[in-house]
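Novice: The structure follows.
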Amino acid sequence: MPDLKELLSPFGLAAPALEVRGITHDSRQVEPGYVFVAVPGVPLPSRKPLDGHDFIHEAIRRGAVAVVGTRQLELPVPYLRVEDSRAALADLSAAFFGYPGRRLELFGVTGSKGKTTVAVLLHHLLQSAEPPAGRLSTVGVRVGEEELLLPGHFTTPEAPAVQALLHRFVQAGCRRAVLEVSSHALALERVRGLTYAVGVFTNLYEDHLDLHGSMERYFAEKRKLLERSSFAVVNSDNPWTKTLAQRPQTWTYGRAGHWRAERLREEAGGLRFMVVSPLGRFPVELPMLGRFNAENALAAMAAAARAGLSVEKMQEALASFPGVPGRMQLIQQEPFRVVVDFAHTGASLEAVLRTLRPTTRGRLVVVIGAAGNQDPSRRTGIGQVAAQLADYAIFTEEDHRNEPLEAILKAMAEAHGDPKRHALVPDRRTAIHYAIAQAQPGDTLLFSGKGHERTLERGDQALPWNEVEEVRRALGL
């Protein structure tokens, strides 16, 4: 790792040859030997942003050996003034870790919907063909088959964390890595300097306009991923992404794409379909629920094919896919089907229940809660949708935080309206066991709301939680 002189000399700043132990923009993380980068906060209508320049003296007190910022300042440690401190944060982080992105074949995935699923599918394909492969996504970090817990709730973390993870991938022997890349990451320079062998753009729908201001600017940020990619895979059906179909070095997927799914059959245990592709026609069995996941699989296969995977390798890997953690994840098929999902609003729960209904032979049962300190209409919507589309509902806790859990459950029960078709079980672990004990052959049990999350918030506590493992244990798996 470079010392301070080596790190700052490319920026034109003379500095002593002191040991640098880390780079951070968070003054609370500064330790002796760190370089602190003062980053202005992101202005949003909903809140006044913090400014890292206000925490410079705290960082120095904690032991920062140098500071980077955008203001004209006199400090007792070396200070580098830059035009864009976010860009500097990314550049310094990459230099500190020895530019690990240059030693990896990177695959980037962006889009409004489906990017997590595509990223996890693509990692599974690459890992099956040539382990170990790295993955950074909303549902966690993987180094080969090892799962790492990433603090926070970012799709793509800040640049120091991104570069640290890429460095870890390299140290573990990875030659390839899949990154789920958010529009925030592209706009805020979290992935600055990275180039991709393949960039995947799944679709674009209205979202994050508080940051981007317009759909045009949102699209422009997402498109940066493809501009930094040697090859692109884009959705032929989405009105925004299909405008990119004529780019050179591009494959499309969807109804009118280079990669298409035909003769799609949706079964209780997953999907079967015929793939039409530049590699020819071939059948695929995929243990995922929801017709929309055929398109996600096409995107992942297209990217994997560019990496050199054969049809046979992809068929074998897809047939063994364990699912996206907590996203319509199929845990068990018989004697009753068990699914874990992240749906935690009325609209998302409706989509999941409508997907599961056609392949449910018996009752469709949902176990779900509603978060505290959120819009009360969310719990009402969940209760109403459960009444309309599920045969039975078990209402339980879900991050009730400082709100009385009893009040949340009462609101959901009142919105549901039929006491014969719902139960209130406040403790979530108990609710899981209760649902499984009541299950009958042919039923579908949906455990919804927590999905991939790793904490359960009760009052001021954030307790460790893994919904999939809790369900597996209750099933005796």
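The values are calculated or read from the model by the stated rules, or taken from the named source; none is laboratory data. No experiment lies behind these values; they were computed from the predicted model shown. When we count neighbours, we look across all protein chains shown, and the Cβ atoms used for this are built from the backbone with ideal geometry, even at glycine. Surface areas here come from the heavy atoms of the whole protein model, side chains and all, with no ligands, DNA or RNA. Shrake-Rupley method; radii C 1.70, N 1.55, O 1.52, S 1.80 Å.
Novice: Does Phe107 satisfy the criteria of being over 15 Å from the mean Cα position of the chain (by Cα), aromatic (Phe, Trp, Tyr) and buried (at least 18 other Cβ atoms within 10 Å of the Cβ)?
Specialist: Criteria not met by Phe107.
Novice: If you don't mind, there's one more thing I want to ask. Check Val120 against each of (1) in contact with an Asp or Glu (Cβ under 7 Å, 6 or more places away or on another chain); (2) open to solvent by less than 10 Å² (accessible area, probe 1.4 Å) and name the one condition it does not meet.
Specialist: Val120 satisfies all of (1) in contact with an Asp or Glu (Cβ under 7 Å, 6 or more places away or on another chain); (2) open to solvent by less than 10 Å² (accessible area, probe 1.4 Å) except (1).
Novice: Tally the residues that are over 26 Å from the mean Cα position of the chain (by Cα) and under 23 Å from Thr345 (Cβ atoms), restricting the search to the stretch 428-443.
Specialist: Applying the first criterion (over 26 Å from the mean Cα position of the chain (by Cα)) to the stretch 428-443 yields 430-431, 433-443.
Next, only the ones that are under 23 Å from Thr345 (Cβ atoms) stay: 431, 435.
Matching residues across the stretch 428-443 total 2.
Novice: Still on this structure, I have one more. Could you tell me whether Glu453 is under 15 Å from Asp341 (Cβ atoms), modelled with pLDDT of 95 or more and within 28 Å of the chain's Cα centre (by Cα)? Steps first, answer last, please.
Specialist: Working: under 15 Å from Asp341 (Cβ atoms): yes; modelled with pLDDT of 95 or more: no; within 28 Å of the chain's Cα centre (by Cα): yes.
When the stated conditions are applied, Glu453 does not pass them.
Novice: When you scan the stretch 265-277, do you find a residue that is open to solvent by 60 Å² or more (accessible area, probe 1.4 Å), more than 13 Å from Glu295 (Cα to Cα) and either in contact with a Gly (Cβ under 9 Å, 6 or more places away or on another chain) or not hydroxyl-bearing (Ser, Thr, Tyr) (or both), even just one?
Specialist: Going residue by residue through the stretch 265-277, those that are open to solvent by 60 Å² or more (accessible area, probe 1.4 Å) are 265, 272.
Now restrict to residues that are more than 13 Å from Glu295 (Cα to Cα): 265.
Now drop any that are not either in contact with a Gly (Cβ under 9 Å, 6 or more places away or on another chain) or not hydroxyl-bearing (Ser, Thr, Tyr) (or both), which leaves 265.
There is at least one residue in the stretch 265-277 that is open to solvent by 60 Å² or more (accessible area, probe 1.4 Å), more than 13 Å from Glu295 (Cα to Cα) and either in contact with a Gly (Cβ under 9 Å, 6 or more places away or on another chain) or not hydroxyl-bearing (Ser, Thr, Tyr) (or both).
Novice: In addition: Consider Ala133 carefully, then state whether it is farther than 23 Å from Pro325 by Cβ and modelled with pLDDT of 95 or more.
Specialist: Judged against the criteria, Ala133 is not a match.
Novice: Quick one: Ala462 ticks every box in (1) touching a residue at least 12 places away in the same chain (Cβ under 8 Å); (2) touching a Ser or Thr at 6+ places or on another chain (Cβ under 7 Å); (3) over 23 Å from Ser377 (Cα atoms) bar one, so which box is it?
Specialist: (1)
Novice: Among the residues of the stretch 456-468, count how many are modelled with pLDDT under 90 and under 12 Å from Glu397 (Cα atoms).
Specialist: So the answer is 1.
Novice: For the subset of the stretch 301-341 comprising residues that are crowded, with 16+ Cβ neighbours inside 10 Å and small (Gly, Ala, Ser), which member is farthest from Glu130 (Cα to Cα)?
Specialist: Gly326
Novice: Pairs only if they're at least six apart or on different chains, beta carbon under 8 angstrom, first in the stretch 131-143 and on the phi > 0 side of the Ramachandran plot, second buried (at least 24 other Cβ atoms within 10 Å of the Cβ) and modelled with pLDDT of 95 or more; list them, first residue then second.
Specialist: Sorted first by the residue in the stretch 131-143, then by its partner, the list stays empty.
Novice: Let me ask you something else. Scan the stretch 207-226 for residues that are at pLDDT 65 or above and either out of contact with any Leu (no Cβ under 8 Å at 6 or more places or on another chain) or more than 19 Å from Val191 (Cβ to Cβ) (or both) and jot them down.
Specialist: Gly213, Ser214, Met215, Glu216, Arg217, Ala220
Novice: Just one of (1) over 30 Å from Tyr205 (Cα atoms); (2) assigned to a strand (DSSP E or B) trips up Glu74, so point out which.
Specialist: The single condition Glu74 does not satisfy is (2).
Novice: May I pose another question? Across the stretch 437-459, what is the number of residues that are over 20 Å from Ala370 (Cβ atoms) and in contact (Cβ under 8 Å) with a residue 24 or more places away in the chain?
Specialist: 7
Novice: I'd like to check something: does the stretch 4-19 contain any residue that is part of a helix (DSSP H, G or I), surrounded by 15 or more Cβ atoms within 10 Å (Cβ to Cβ) and of a type in the set (Gly, Ala, Ser)?
Specialist: No, because not a single residue in the stretch 4-19 is part of a helix (DSSP H, G or I), surrounded by 15 or more Cβ atoms within 10 Å (Cβ to Cβ) and of a type in the set (Gly, Ala, Ser).
Novice: I'm told Ala415 meets every condition in (1) touching a helix residue (DSSP H, G or I) at 6+ places or on another chain (Cβ under 9 Å); (2) of a type in the set (A, V, I, L, M, F, W, C); (3) modelled with pLDDT under 95 except one. Can you identify the failing condition by its number?
Specialist: (3)
Novice: Turning to a different aspect of this structure: Just to verify a result, which residue in the stretch 312-348, among those that are touching a Leu at 6+ places or on another chain (Cβ under 8 Å) and charged (D, E, K, R), is nearest to Ala370 (Cα to Cα)?
Specialist: Among residues in the stretch 312-348 that are touching a Leu at 6+ places or on another chain (Cβ under 8 Å) and charged (D, E, K, R), the one nearest to Ala370 (Cα to Cα) is Asp341.
Novice: Condition first: among the polar types (S, T, N, Q) and buried (at least 17 other Cβ atoms within 10 Å of the Cβ). Now tell me which residues in the stretch 356-373 satisfy that.
Specialist: Thr360
Novice: Let me ask something else. Which condition number in (1) touching a Lys or Arg at 6+ places or on another chain (Cβ under 8 Å); (2) part of a loop (DSSP other than H, G, I, E, B); (3) modelled with pLDDT under 95 is the one that Phe154 fails?
Specialist: It fails just one condition, (1).
Novice: Which strands (runs of 3 or more DSSP E) does the stretch 267-363 wholly contain that include 3 or more residues that are farther than 30 Å from Ser229 by Cα, modelled with pLDDT under 95 and among the small types (Gly, Ala, Ser)?
Specialist: Correct list: empty, since no element meets the threshold.
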